[in-house]
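Worksheet for the structure shown next.
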Amino acid sequence: MTDPMTKPQAVRRAVAAEASVLAVAGLLAAGGRPRTAAAIVAAGGLAAWAAFTPGHPLYGRVLRHGPRDRPAAALTFDDGPGPSTPAVLDALAAAGVRATFFVLGRQARRHPDLVRRIAAGGHQIASHGDDHGILVWRGRAHVTEQLRRCEDAVADALGAADGLSRMFRAPHGFRGPATATTVRAAGYRMVGWSRGVFDSALPGVEVIAARAARALGPGAILLLHDADGWDPGASRDQTAQALPAVCAAAAGRGLSLVTLDDLIAEPAG
């Protein structure tokens, strides 16, 4: 595997690509083809905007919200498992809540005991790829390898090949042309979120709880973190400490907090 592409690297490459598009457009405009030049600029801008806008439909449909006619919502956690995952699991267990964890293969290999604990708690385990690298500029072979390595890591941790659900969330939600087609061909569903809580910025326990409470509603999918995709040893204890208040806010509104599979399941009968 190549080294994971970071967010700054991906953005710099996007800026360079857009500069190339503008240069070509300038030549076309100077050559008497202004409409073609304008179309190229618009297409290039849309492609870049969609790649770095989580949930944009240009690169495939993304699950961003559950049914709004049922009193349920979903908490989802990215980048783990990591040092704060036990505290997150403790808080969820105390509230009787099940969630969905988008795990990194790299982290599953480091913490197989926590993968097993997530599964034992009745939570859903989904794929976040292997190393948290940005996929915007990656081709099918790379995306396929990201999926496979995460699958293998979870299977090794659980001792079973069927413990990973067929849901995938791209790191940061950023996607390129090959991402959606490769993910779909591998049998996965692309997942986003209805609201990000931005707990990764460590704004404080009360802020995280307040943001999450405002975002809760029927069908909501909240993005939280139980680890750090770029610094595996970093704490997410603020998130863990905010969870009792988040779960209480959901209960106060009559909302059940469930896994993504349960959120989108067709009601029986």
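In whole angstrom, how far apart do the alpha carbon centroids of region 16-93 and region 195-269 sit?
Value for the Cα centre distance between the two parts: 22 Å.
Test of the criteria: in region 1-92, which trypsin sites (Lys or Arg not before Pro) are in a DSSP loop and have at most 15 other Cβ atoms within 10 angstrom of their Cβ? Let's see the in-between values first.
Values: sites: ARG12, ARG13, ARG35, ARG61, ARG64, ARG68; in loops: ARG61, ARG64, ARG68.
Those that pass, being in a loop and sparsely packed, are ARG61, ARG68.
Would you calculate, for the chain, the mean residue ellipticity at 222 nm contributed by helices, counting each DSSP H stretch of 4 or more residues as -39,500 (n - 2.57) and dividing by all residues, to the nearest 500?
Details: 10 runs with 128 residues, N = 269.
One gets -15000 deg cm²/dmol as the mean residue ellipticity at 222 nm.
Shape of the chain from its Cα gyration tensor (a ≥ b ≥ c, root eigenvalues): rounded if a/c is under 1.5, otherwise prolate when a/b > b/c, or oblate? Please list the in-between numbers first.
Values: a/c = 1.97, a/b = 1.65, b/c = 1.19.
Prolate shape, in that a/c is at least 1.5 and a/b is the bigger ratio.
Can you bin region 178-255 into rounded, prolate or oblate? Criterion: square roots of the alpha carbon gyration tensor eigenvalues sorted a ≥ b ≥ c, rounded for a/c under 1.5, prolate for a/b above b/c, oblate for the rest.
Working: a/c = 2.88, a/b = 1.38, b/c = 2.09.
In terms of gyration-tensor shape, oblate.
Helix hunt in the chain: which complete DSSP H runs extend at least 18 Å axially by C-alpha with mean Kyte-Doolittle at least 0.0? Provide the component values of the computation, followed by the final result.
Values: long enough: 7-30 (34 Å, 0.90); 34-51 (26 Å, 1.12); 140-158 (27 Å, -0.48); 237-252 (24 Å, 0.62).
Both cut-offs are met by 7-30, 34-51, 237-252.
Roughly how many percent of the accessible protein surface of the chain is carbon and sulfur, given a 1.4 Å probe and a whole-percent answer?
Working: 6820 of 12050 Å².
Summing carbon and sulfur atoms, their accessible area is 57 percent of the total for the chain.
Would you check the accessible area of ASP90, probe 1.4 Å, heavy atoms only, in square angstrom rounded to 10?
Around 90 Å² of this residue is reachable by solvent.
Pick out which of LEU202, LEU75, LEU158 has the largest mean-square fluctuation in a Gaussian network model of the chain, springs linking Cα atoms closer than 10 Å.
The residue with the greatest mean-square fluctuation here is LEU202.
Under a point-charge model restricted to the Cβ atoms of Lys and Arg (+1) and Asp and Glu (-1), what is the dipole moment magnitude of region 154-238 relative to its Cα centre, in debye to the nearest 20?
Values: 9 positive and 8 negative charges, 114 e Å.
Dipole about the Cα centre, nearest 20: 540 debye.
Can you tell which of PRO67, THR85, LEU158 lies farthest toward the positive end of the dipole of the chain, using +1 and -1 charges on the Cβ of basic and acidic side chains (Lys, Arg; Asp, Glu)?
Of the listed residues, the answer is PRO67.
In debye, nearest 20: dipole of region 1-80 around its Cα centre with unit charges on the Cβ of K, R (+) and D, E (-)? Intermediate results must be reported in sequence, preceding the final value.
Details: 9 positive and 5 negative charges, 62 e Å.
Roughly 300 debye for region 1-80.
With only Lys, Arg, Asp and Glu charged, each at its Cβ (+1 for the first two, -1 for the last two), find how big the charge dipole of the chain is about the Cα centre; round to the nearest 20 debye. The partial results should precede the final answer.
Details: 29 positive and 23 negative charges, 200 e Å.
My answer is approximately 960 debye.
Is the shape of region 219-262 rounded, prolate or oblate, going by the alpha carbon gyration tensor and its root eigenvalues a ≥ b ≥ c, with a/c under 1.5 for rounded and a/b larger than b/c for prolate?
On the way: a/c = 3.75, a/b = 1.73, b/c = 2.16.
Because a/c hits 1.5 or more and a/b fails to exceed b/c, region 219-262 counts as oblate.
The values are calculated or read from the model by the stated rules, or taken from the named source; none is laboratory data. Note that the structure is predicted; figures quoted are calculated from it, not measured. Every residue, glycine among them, receives a Cβ derived from its backbone with ideal geometry; neighbour counts consider all protein chains shown. Areas reflect the complete protein model, heavy atoms only, side chains present, ligands, DNA and RNA absent. Shrake-Rupley method; radii C 1.70, N 1.55, O 1.52, S 1.80 Å.
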